[in-house]
1. Between a residue in the range 30-41 that is farther than 15 Å from residue 54 by Cα and any residue that is buried (at least 16 other Cβ atoms within 10 Å of the Cβ) and at pLDDT 70 or above, which pairs come within a Cβ distance under 7 Å, given they are 6 or more apart or on different chains?
């Protein structure tokens with residue numbers, strides 16, 4: 001499978017001869033256009049505002065993906081031991097760095 005266009009991505013608006021909106025790589029190529037009005041384009045919504053919101057959500061998900069993967073890998077690489085098998089309680093040690101990375105990834109995924 002081919003690699004995807006490198007991140008970060010962004011929603012853009014080009015107000016040249018015609019208004020054009022889409023998603024592109026920051027400083028790079030156009031990835032997909034956003035269908036506004038009668039424009040029959042890739043990202044659509046029930047309204048123009050929803051189409052733009054859909055594009056923003058896609059960009060947010062794409063840009064936070066790698067951080068989420070790394071944070072989960074850190075947590076899953078932690079050595080966990082069972083404290084109470086009946087209640088499925090586990091004990092493990094994670095570093096402050098791992099915890100901060102997990103918090104930052106979650107914050108990015110939530111768009112904060």
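1. Pairs found: 30/22; 30/24.
Listed here are the residues, each with its yes/no results for (1) closer than 28 Å to residue 31 by Cα; (2) loosely packed, with under 11 Cβ neighbours inside 10 Å; (3) under 24 Å from the mean Cα position of the chain (by Cα); (4) at pLDDT 85 or above.
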| site | (1), (2), (3), (4) |
| --- | --- |
| 52 | yes, no, yes, yes |
| 61 | yes, no, yes, yes |
| 65 | yes, no, yes, yes |
| 75 | no, no, yes, no |
| 82 | no, no, no, no |
| 85 | no, yes, no, no |
| 88 | no, yes, no, no |
| 93 | no, yes, no, no |
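The values are calculated or read from the model by the stated rules, or taken from the named source; none is laboratory data. From a predicted model like this one, the values you see are computed outputs, not experimental measurements. Note that we place each Cβ from the backbone using ideal geometry, even for glycine, and neighbour counts take in every protein chain shown.
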